[in-house]
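Chemist: Please see the structure below; I have some questions.
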Amino acid sequence: MDGLHEKLAREGLTVLLVNIGETRETVVRALASRRYTAPVFLDSNGKTSESYRVAGTPTVFIIGRDGMILGSAVGPGPWAEPAGRALLEALLRGRT
């Protein structure tokens, strides 16, 4: 997901990584070691994840420019593969 953030940010894609329940220090170390550049939200008490009914990780939500959820997926997905990237690019162009 972080790679998509870097590749598609200029086209309007925003990737927000959400960490559930870990300390800020743990997250900072992980981000540094993995060299992630996408912004991270710390859901330290799990309330946000509960609101979105996150049942497992990773969970991906695709949210439109209007703030509405367009779709979601649980588990690793092929987002960086040709089909996943094509879907994201089509959404960015408004062709879905």
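The values are calculated or read from the model by the stated rules, or taken from the named source; none is laboratory data. Every value quoted in this text rests on a predicted model; they were computed, and no experiment measured them. Note that we place each Cβ from the backbone using ideal geometry, even for glycine, and neighbour counts take in every protein chain shown. Heavy atoms of the whole protein, side chains included, go into the accessibility calculation; ligands, DNA and RNA do not. Shrake-Rupley method; radii C 1.70, N 1.55, O 1.52, S 1.80 Å.
Chemist: Within region 45-87, restricting attention to residues that are surrounded by 13 or more Cβ atoms within 10 Å (Cβ to Cβ) and out of contact with any strand residue (DSSP E or B) (no Cβ under 8 Å at 6 or more places or on another chain), which residue is farthest from L17 (Cα to Cα)?
Modeler: The selected residue is L87.
Chemist: Restricting to region 60-96, count the residues that are closer than 16 Å to L8 by Cα and small (G, A, S).
Modeler: Residues that pass the stated criteria total 7.
Chemist: Give the residue that is least open to solvent (accessible area, probe 1.4 Å), with candidates limited to residues of region 1-44 that are of a type in the set (D, E, K, R), under 22 Å from P82 (Cβ atoms) and out of contact with any Lys or Arg (no Cβ under 9 Å at 6 or more places or on another chain). First the steps, then the outcome.
Modeler: Of region 1-44, the ones of a type in the set (D, E, K, R) are 2, 6-7, 10-11, 22, 24-25, 29, 34-35, 43.
Those still in the list that are under 22 Å from P82 (Cβ atoms) too: 2, 6-7, 10-11.
Right, trim to out of contact with any Lys or Arg (no Cβ under 9 Å at 6 or more places or on another chain) and you get 6, 10.
Numbers: E6: 98, R10: 218 Å².
Per the stated criteria, the residue is E6.
Chemist: Same structure, new question: Please go through region 45-60 and give me each residue that is within 26 Å of A86 (Cα to Cα) and not hydrophobic (A, V, I, L, M, F, W, C), ordered by number.
Modeler: Correct list: Y52, G56, T57, P58, T59.
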